[in-house]
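This report concerns only the one structure given below.
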Amino acid sequence: MIMTGPLNGTFAPNTGRWVVCSKSPYTGIWGESNCGSWFGAELKKAGYDGIIITGASENPVYLEIKDDKIQLKDANFLWGRGTFYTTEKLKEIFGDEKAKVACIGQAGENLVKYANIISEQRAAGRTGMGAILGSKKLKAILVRGTKIKLEVTNQEDLRKAIITARDYVKSSFASQILGALGTSGALDMYNMTGELPIKYFSQPQWDGATKISGATMAETILVKNRFCHSCVIGCGRLVAVKDGIYKTDEIEGPEYETIVSYGALNLNDNLEWIVHINKKCFDYGIDTISSGGIISCLTYHFEQGNITTDDLDGLKPEWGNIKIVEEILDKIVFKEGIGKVLAEGSNALAKKFNISEEEIATVNKLEVTYHDLRSNYGMAIAYGIGLKGPSHNLLDAYYVLVGVPLEEIGIKLIDKYLDNEDMAEFCSLLMDYRALYSSMIMCSFCNPLPSHNAELLKHALGIEFGLEEIKLYGERIATIKRLFNIKMGLTPIDDRLPSILMKPFSSGGSAGKSPDFEKLKKFFYNYRDWEINTGKPSKAKLKYLGLDNL
């Protein structure tokens, strides 16, 4: 399911996004990917809230949408090609540069479990949605909308609400920092506080961090900001490397998670190479968080002696050896040699070489993202009890606790090193609020007041919507995802954290720190009224949410 959300096309701030949802081929539970660019808004302009894709084609095809004219067309000539060529060729054939394309590269075609869908140099990543399209032989979707004017309930009141929300977001200090330095603007600070994962979560600090930070990017290779549809922040980085072997024309630059994955996690401080590998991952259509995480996992366990050169087609991984990293990435995408195992993920690597899953940084088979939980205990819930596996966006405690004001709906700013009832309440309320975001669909960097969002939804949709509805709808959405996961076989045993993420460091910004996850988990279950033995919401909770039929 590819969905645009109720506010896309209204120019409410940062709502030009789109979401892809399916059962994940990677985790076996709820799969969801939230993407920027302009594809969602174009789909809305063509007159559609979303697309539901069922079945599969025997041969490669692409879907062409121009307003109410919809066609499936042969894509054999695109099969085997990357996303850059695919996008350019489809626009050329269609004859309109304003058309938007979402497509897969070789990773999706080859059913790499963490393949992405790519649109206009933005990625719908993490849970293998590219592999879903690959399994359906659906190479791409091209859409052009020309005639639909979006209908809302109260245009004038909505216009006023949009202005209020936009002005508030633009005035935010967090928005201004994101605009100036991008998503990696805080990387230097994270290195000091212990939030930056380094050397596969095994090192507390790293001198190379400054060389790959958002500030360094701004000083050296940044050309200009890039904005998604209706965005008022512009955290996107358009960069250009002017000289050397990684020389490139203006292109989408790497975001924080990619910089960590192919930088700090692999002890590589070559920013220009990270730009190069980011471009390559975009073209292949492969997730940078999982792929870089898996490669650093491989290097870590090679160093530990759990894997040998003979196991790796003669390769000898080393920290900071970017040539080896790139070779391994190529093997993954085309499932060559050790790449066949790595294309299945970190847990497949552990199984192959009899490595304990306590030493693999995944939860529900998905690689954790890159805000170290030893520096912010709220991330323990984000990773250990996430709705799609571990994700910083589904519960962004690391971001909200730096001062994002959400007190209107009871989310109070607390000490980030708590693992008590207060942290459980904070995480539960924030998980619900971000679940609402994923359905609105609003960028989680955009934080107007909750009352602003209530006004936007009220005037766009014509339904009574206030702060109580904000909380109720969010909890309902999050609970439906939880119920889906339980139906797929999730149990409380799966709500866990591996030991490699929990070992306290003896130095660095988070020295001596690690949350008591089992205690925090019990508080979280209790606050949400989930049964401790089954992980299921209670019957009373389901009735309160209007979900007792489930």
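The values are calculated or read from the model by the stated rules, or taken from the named source; none is laboratory data. Here the structure is a predicted model, which is why all the values come from computation and not from measurement. Cβ sites come from the backbone with ideal geometry, for glycine too, and all protein chains shown count toward neighbours.
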Item checked: Given (1) out of contact with any Asp or Glu (no Cβ under 9 Å at 6 or more places or on another chain); (2) in the same structural domain as Ala435 (by TED's automatic domain parsing); (3) of a type outside the set (D, E, K, R), number of the condition Asn526 does not satisfy -> (1)
Item checked: Meets criteria (in contact (Cβ under 8 Å) with a residue 40 or more places away in the chain, outside any helix (DSSP H, G or I) and not assigned by TED's automatic domain parsing to the domain that holds Glu42) for Val152 -> yes
Next item on the list: Those residues that are assigned to a helix (DSSP H, G or I) and over 21 Å from Pro390 (Cβ atoms), I need them from region 403-428; list them, please.
Entry: Glu407, Glu408, Ile409, Glu421, Asp422
Next item on the list: Residue by residue through region 451-505, note down the ones that are without any contact (Cβ under 8 Å) to a residue 40 or more places away in the chain and either part of a loop (DSSP other than H, G, I, E, B) or in contact with a strand residue (DSSP E or B) (Cβ under 8 Å, 6 or more places away or on another chain) (or both).
Entry: Ile463, Glu464, Phe465, Gly466, Lys503
Next item on the list: Can you tell me which residue within region 78-136, out of those that are more than 14 Å from Ile286 (Cα to Cα), touching a strand residue (DSSP E or B) at 6+ places or on another chain (Cβ under 7 Å) and among the charged types (D, E, K, R), is surrounded by the most Cβ atoms within 10 Å (Cβ to Cβ)?
Entry: Lys100
Margin query: Just to check your reading of the model, which residue among Tyr398, Tyr433 is aromatic (Phe, Trp, Tyr), in contact (Cβ under 8 Å) with a residue 60 or more places away in the chain and assigned to a helix (DSSP H, G or I)?
Written below: Tyr398
Notebook entry, point to check: So which of Gly55, Gly50 ends up being out of contact with any Lys or Arg (no Cβ under 8 Å at 6 or more places or on another chain), surrounded by fewer than 23 Cβ atoms within 10 Å (Cβ to Cβ), small (Gly, Ala, Ser) and farther than 20 Å from Arg434 by Cα?
Noted result: Gly50
Next item on the list: Tally the residues that are among the aromatic types (Phe, Trp, Tyr) and within 18 Å of Ala511 (Cβ to Cβ), restricting the search to region 162-208.
Entry: 3
Check: In region 5-31, what residues are surrounded by fewer than 24 Cβ atoms within 10 Å (Cβ to Cβ) and within 28 Å of Leu349 (Cα to Cα)?
Finding: Cys21, Ser22, Lys23, Pro25, Gly28, Gly31
Checklist line | The one condition in (1) in a helix (DSSP H, G or I); (2) closer than 21 Å to Val19 by Cα that Asn447 fails to fulfil | finding: (1)
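So that you can scan it fast, the table gives a plain yes or no per residue for (1) under 19 Å from the mean Cα position of the chain (by Cα); (2) of a type in the set (Phe, Trp, Tyr):
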position: Ser375; (1), (2): no, no
position: Leu387; (1), (2): yes, no
position: Tyr398; (1), (2): yes, yes
position: Val404; (1), (2): no, no
position: Met423; (1), (2): no, no
position: Ser438; (1), (2): yes, no
Notebook entry, point to check: Do you know which residues across region 262-298 are under 15 Å from the mean Cα position of the chain (by Cα) and of a type in the set (D, E, K, R)?
Noted result: Asp287
Next item on the list: Look at Thr10 and say whether it is modelled with pLDDT under 95, outside the structural domain of Leu238 (by TED's automatic domain parsing), more than 29 Å from Asp330 (Cα to Cα) and not charged (D, E, K, R).
Entry: yes
Note to self: I'd like to know if region 1-21 contains one or more residues that are of a type in the set (A, V, I, L, M), touching a Leu at 6+ places or on another chain (Cβ under 9 Å) and over 30 Å from Ile162 (Cα atoms).
What the structure shows: no
Notebook entry, point to check: Out of all the residues in region 259-287, which are free of Cβ contacts under 8 Å to residues at least 60 places away in the same chain and part of a loop (DSSP other than H, G, I, E, B)?
Noted result: Gly263, Asn270
Check: If only one of Lys199, Lys137 is in the same structural domain as Ala99 (by TED's automatic domain parsing) and on the phi > 0 side of the Ramachandran plot, which one is it?
Finding: Lys137
Check: Of these, Ile414, Ile480, Ile463, which one is surrounded by fewer than 24 Cβ atoms within 10 Å (Cβ to Cβ) and closer than 30 Å to Gly194 by Cα?
Finding: Ile414
